[in-house]
Amino acid sequence: MPTVAGIPHLDGRDSSAALLREGYAFGAHRFLRAGSDAFETRLMLQRAVIAYGEEAARLLYEPDRMTRRRALPVTTLTLLQDFGSVELLDEQPHRHRKAMFMSLMTPDGLGELADLVEQEWRGQLPDRRLAGDVVLFDVVREVLCRAVCSWAGIPLREAEVAVRTRQFAAMVEGAGSVGPRNLRGHVLRHRAERWAGQVIERIRSGELEAADGRPAKVVAEHRDEDGRLLDAEVASVELINILRPTVAVARYVVFAALALHQHPDCRTKAMADDEYLRWFVQEIRRFYPFFPMVGGRARTEFEWRGRRFDRGAWFLLDIYATNHDTRIWDEPAAFRPERFATWDGGAYRFVPQGGGDHDSGHRCAGEWLTIAVVERAVRLLTTAMTYDVPLQDLSVDLSRMPAAPASGMLLSRVRAA
């Protein structure tokens, strides 16, 4: 897509309904119509500039240029981040809080979480042998919920596992919609926040013992720059912001299973070569849809492409389009893990979980966690179990946000290898 001077204005009417109707393809349709990698429209009756590509990612993620406050619809924000979270902080307060999350992303910590995922996986999936079809999406979400709560230092009673899994999953499923799915997500989020708040209070009172370094204890004992403990409500939000995204990684795991099925040559290579396995997981994150866009509001006035952005101006980066940008990726519509053999690692060129620097910016703190968990899941899918993939609807509807294979990836005759 060529870059043209200025930013074309499209659609005099509000485009909110079109975005909900078209999903991930909303931006692509209009970039093509505009003949540009950026356009202006109206969303929720407000002017918004939507863009994709490396330049647009740099514009959004350069430190302190934009705030994430008011950058997402409230109905999405309160499911994915919520008020008081690190994502809504700026400058030094953001960096200070972000350091808390980054302290958890050590090689040893991520290795332990991956081990817990494997332990739960091996304990859950073989029980389904010869028991008919298994919906991988459902099983993996439960596996990840068990694993991340154990890693965080939060014991779950057996009867509680399904409840927490359902709550975390509903937050993600409802974030890209309006109506019943979104409402259900908020109802279950409210219950999860109440539970997380009780966990925080029990740790602070000494009723619940959690080892030093466990995420739940790190959050409960974290002090902001003023030296005060986080408000219990804010601490519960941040605890959920560790647990919920980890359960959401199930979506990438299911896409990985889909890719292994549709590209059987990848299965053989991933089993034999650790480096290829890493390329495969990166291609999963590039190729398949997760969340379509991320936004920011200008903190100060600036000019880009001949357009003046006033303070508070709304800018949206199309993540899906950036990860399929022909200026960055050769044949982006092809699933080809080998492309990452020569990837330059540019911080604004590959943005499935944000761009820029992890420590100082708004790039997702859990990106390395995602990679570690999906790598381990691919190993388990290829070496720890055998299964059949029965006839089913494996289509991925790009009008639904977030997207997933229609069937949830049915497996049959699941057995431990």
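The values are calculated or read from the model by the stated rules, or taken from the named source; none is laboratory data. As the structure is a prediction and not an experimental result, all values here were calculated from the model. Every residue, glycine as well, gets a Cβ built from its backbone with ideal geometry; the counts of neighbours run over all protein chains shown. All accessible areas refer to the heavy atoms of the entire protein, side chains included, with ligands and DNA or RNA removed. Shrake-Rupley method; radii C 1.70, N 1.55, O 1.52, S 1.80 Å.
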Next on the checklist: Kindly evaluate Glu201 against the criterion of being farther than 16 Å from Ala248 by Cβ, open to solvent by 60 Å² or more (accessible area, probe 1.4 Å) and more than 19 Å from the chain's Cα centre (by Cα).
Outcome noted: yes
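Can Phe26 be described as within 17 Å of Arg307 (Cβ to Cβ), surrounded by 20 or more Cβ atoms within 10 Å (Cβ to Cβ) and modelled with pLDDT of 95 or more?
Numbers: within 17 Å of Arg307 (Cβ to Cβ): no; surrounded by 20 or more Cβ atoms within 10 Å (Cβ to Cβ): yes; modelled with pLDDT of 95 or more: yes.
When the stated conditions are applied, Phe26 does not pass them.
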Checklist entry - Does Trp195 satisfy the condition of being surrounded by fewer than 19 Cβ atoms within 10 Å (Cβ to Cβ) and either touching a residue at least 60 places away in the same chain (Cβ under 8 Å) or within 17 Å of Leu79 (Cβ to Cβ) (or both)? => result yes
Checklist outcome for this item: Those residues of segment 95-109 which are touching a residue at least 12 places away in the same chain (Cβ under 8 Å) and either open to solvent by 60 Å² or more (accessible area, probe 1.4 Å) or assigned to a helix (DSSP H, G or I) (or both) amount to Arg95, His96, Arg97, Lys98, Ala99, Met100, Phe101, Met102, Ser103, Gly109
Checklist entry - Within segment 324-341, which residues are touching a residue at least 12 places away in the same chain (Cβ under 8 Å), in a loop (DSSP other than H, G, I, E, B) and either farther than 26 Å from Ile7 by Cα or of a type in the set (A, V, I, L, M) (or both)? => result Ile328, Phe335, Arg336
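Going by what's in this entry, would Arg202 be described as free of Cβ contacts under 8 Å to residues at least 24 places away in the same chain and within 23 Å of Leu188 (Cα to Cα)? Please lay out each step first, then the result.
Numbers: free of Cβ contacts under 8 Å to residues at least 24 places away in the same chain: yes; within 23 Å of Leu188 (Cα to Cα): yes.
Criteria met by Arg202.
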Next on the checklist: Here are the criteria: (1) surrounded by fewer than 21 Cβ atoms within 10 Å (Cβ to Cβ); (2) out of contact with any strand residue (DSSP E or B) (no Cβ under 9 Å at 6 or more places or on another chain); (3) farther than 24 Å from Val49 by Cα. Tell me which single one Ser399 does not satisfy.
Outcome noted: (3)
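Being of a type in the set (Val, Ile, Thr) and open to solvent by 50 Å² or more (accessible area, probe 1.4 Å) is the filter here; which residues of segment 245-288 pass it?
Going through segment 245-288, the residues of a type in the set (Val, Ile, Thr) turn out to be 246-247, 249, 253-254, 268, 281, 284.
Residue satisfying the conditions is Thr268 alone.
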Checklist entry - Given Phe291, Phe309, which one is crowded, with 17+ Cβ neighbours inside 10 Å and at pLDDT 95 or above? => result Phe309
Checklist entry - Given the conditions (1) touching a residue at least 12 places away in the same chain (Cβ under 8 Å); (2) within 16 Å of Phe83 (Cα to Cα); (3) surrounded by fewer than 15 Cβ atoms within 10 Å (Cβ to Cβ), and given that His190 satisfies all but one, which numbered condition is not satisfied? => result (1)
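Quickly run through segment 47-56 and pick out the residues that are open to solvent by less than 70 Å² (accessible area, probe 1.4 Å) and in contact with a strand residue (DSSP E or B) (Cβ under 9 Å, 6 or more places away or on another chain).
From segment 47-56, those open to solvent by less than 70 Å² (accessible area, probe 1.4 Å) are 48-54, 56; that's our starting set.
Ala48, Val49, Ile50, Ala51, Tyr52, Gly53, Ala56 - these are the residues of segment 47-56 that are open to solvent by less than 70 Å² (accessible area, probe 1.4 Å) and in contact with a strand residue (DSSP E or B) (Cβ under 9 Å, 6 or more places away or on another chain).
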Checklist entry - Can you pull out the helices (runs of 4 or more DSSP H) entirely within segment 208-296 that have at least 2 residues that are more than 24 Å from the chain's Cα centre (by Cα) and not polar (S, T, N, Q)? => result 264-272
Next on the checklist: So Leu116 ticks every box in (1) at negative phi; (2) out of contact with any Lys or Arg (no Cβ under 9 Å at 6 or more places or on another chain) but one. Which box is left unticked?
Outcome noted: (2)
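For segment 297-323, name all the residues that are among the hydrophobic types (A, V, I, L, M, F, W, C) and either out of contact with any Asp or Glu (no Cβ under 8 Å at 6 or more places or on another chain) or not in a strand (DSSP E or B) (or both). Before you say what the answer is, go through the steps one by one.
To start, the set of residues in segment 297-323 that are among the hydrophobic types (A, V, I, L, M, F, W, C) comprises 298, 302, 304, 309, 313-317, 319, 321.
Those that are among the hydrophobic types (A, V, I, L, M, F, W, C) and either out of contact with any Asp or Glu (no Cβ under 8 Å at 6 or more places or on another chain) or not in a strand (DSSP E or B) (or both): Phe302, Trp304, Ala313, Trp314, Phe315, Leu316, Leu317, Ile319, Ala321.
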Next on the checklist: Looking at (1) within 24 Å of Arg97 (Cβ to Cβ); (2) modelled with pLDDT of 95 or more; (3) surrounded by fewer than 23 Cβ atoms within 10 Å (Cβ to Cβ); (4) not acidic (Asp, Glu), which one does Leu239 not meet, given that it meets all the others?
Outcome noted: (3)
Checklist entry - Could you say whether any residue in segment 66-88 is closer than 19 Å to Pro292 by Cα and without any contact (Cβ under 8 Å) to a residue 12 or more places away in the chain? => result yes
Next on the checklist: Checking the conditions here, which among Val374, Val351 is in contact with a Phe, Trp or Tyr (Cβ under 7 Å, 6 or more places away or on another chain), in contact (Cβ under 8 Å) with a residue 40 or more places away in the chain and open to solvent by less than 40 Å² (accessible area, probe 1.4 Å)?
Outcome noted: Val374
Next on the checklist: So if I check each of Val148, Val143, which one is buried (at least 23 other Cβ atoms within 10 Å of the Cβ) and within 26 Å of Arg223 (Cβ to Cβ)?
Outcome noted: Val148
Checklist outcome for this item: Filtering segment 335-361 down to residues that are within 22 Å of Tyr52 (Cβ to Cβ) and acidic (Asp, Glu) yields Asp344, Asp357
Checklist entry - Which of the residues that make up segment 402-417 are open to solvent by 10 Å² or more (accessible area, probe 1.4 Å) and hydrophobic (A, V, I, L, M, F, W, C)? => result Ala404, Ala406, Leu410, Ala416, Ala417
Item to check | One residue from Arg42, Arg70 being open to solvent by 30 Å² or more (accessible area, probe 1.4 Å) and either under 28 Å from Glu238 (Cα atoms) or in contact with a Cys (Cβ under 9 Å, 6 or more places away or on another chain) (or both) | outcome: Arg70
